[in-house]
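Q: Shown below is the structure under consideration.
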Amino acid sequence: MSILVTGSLAYDHIMDFHGYYKDHILPEKVHILNVSFLVQGLRKQRGGTATNIAYSLNLLQEKTAIMGTVGHDFADYRAWLEEQGIDTHAIKVIPDEFTASCFIMTDLSGNQITGFYPGAMSHAHQLKLSDFQLSDVKLAIVAPNDPLAMVEHIRECRKTGVPYIFDPGQQALNLSAEQLMEGFNGAKTVIGNDYELGMIENKTGYSPEKLLEVAEMVVITKGEQGSTIITQQGTVEIPTAPAQQVVDPTGAGDAYRAGIIKGLLYGYSPETMGRIAALSATYCVENYGTQNHKYTASEFCTRYAEAFGENIEALFPALEGQATNLVIN
């Protein structure tokens, strides 16, 4: 494999609220907040940051291994991942635990309220890269997971010389300023949405621009407003790729990250890797759940050309079945 994905492995319980949260919350009464939402849809889906990212990387025809901890209820999920061709040998079962579960409720504006039960994920810090045959890893992503595990995985990547992407995500709230800075220092890329990076700036004093002092690239996702990629060479604004329909935003950020990883592996420009990431995310939002979107190599390339006016077949040798050399360093 060439990519190691660490992060949560979870079941998602996705609910649709056909209204707007803002209409049900009184700002002057938030100190006694007590609200209930009648939802119109409920689906149980495969989810988790690690598995979501790995799934979209698999669609982009990149070999991926997942490292994480799961509960005794994970057997069917593992079998499905293996059917997709995703390496699961570094996924460890914690017999007395349930797999982590996420409960996500989305309103008509795409705003989300999430509850997360960590379950077996709380044991992820027990895993070490050295426990598994992962010697051919070219790039790793440390995605939201048990906070202690994230810190340990960063240290191991640094110790073994594996380039890594640091994606603190929702765990930015639970990681200390010192732990965040440990992740930023030497990262190939730091990625987060604008809200998360705002929290990080408040906690560490490091703005996205200042993070370039310790990391090579910073990626800011902004939902419907697209994304921003900042490097030493400048700032690039990336538009969203047009969607045929917007069904569910859940998991779009993870699909986006798969595109960024693809771009880093093959040395694409920030603009091109951002556009690849944007299209990967768009495929996700057109379906319910985080691992229900599908496309072929030719479909992806055709739609990319339609959206951005650029032919990327030459930039996707792996998608076209041609030999290619990884250029990441």
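The values are calculated or read from the model by the stated rules, or taken from the named source; none is laboratory data. On a predicted model such as this, the values are computed, not experimentally measured, just so you know. A quick note on method: Cβ atoms are made from the backbone with ideal geometry, for glycine too, and the neighbour counts reach across all protein chains shown.
Q: Report yes if VAL151 is under 25 Å from GLY47 (Cβ atoms), in contact with a Leu (Cβ under 6 Å, 6 or more places away or on another chain) and not in a loop (DSSP other than H, G, I, E, B), otherwise no.
A: No: the conditions fail for VAL151.
Q: Restricting the search to the stretch 13-46, which residues are within 30 Å of TYR164 (Cα to Cα) and either in contact with a helix residue (DSSP H, G or I) (Cβ under 9 Å, 6 or more places away or on another chain) or of a type in the set (Ser, Thr, Tyr) (or both)?
A: ARG46
Q: Continuing with this model, one more query. Would you mention how many residues in the stretch 225-279 are assigned to a helix (DSSP H, G or I) and not hydroxyl-bearing (Ser, Thr, Tyr)?
A: 23
Q: If I filter the stretch 131-139 for residues that are more than 30 Å from THR231 (Cα to Cα), modelled with pLDDT of 95 or more and not in a loop (DSSP other than H, G, I, E, B), do I get at least one hit?
A: no
Q: For the stretch 125-150, give me the residue count where each residue is free of Cβ contacts under 8 Å to residues at least 60 places away in the same chain and over 17 Å from the mean Cα position of the chain (by Cα).
A: So the answer is 8.
Q: Before we move on, is CYS102 modelled with pLDDT of 90 or more and of a type outside the set (Phe, Trp, Tyr)?
A: no
Q: Here are some residues: THR51, THR69. Which one is part of a helix (DSSP H, G or I), buried (at least 21 other Cβ atoms within 10 Å of the Cβ) and of a type in the set (Ser, Thr, Tyr)?
A: THR51
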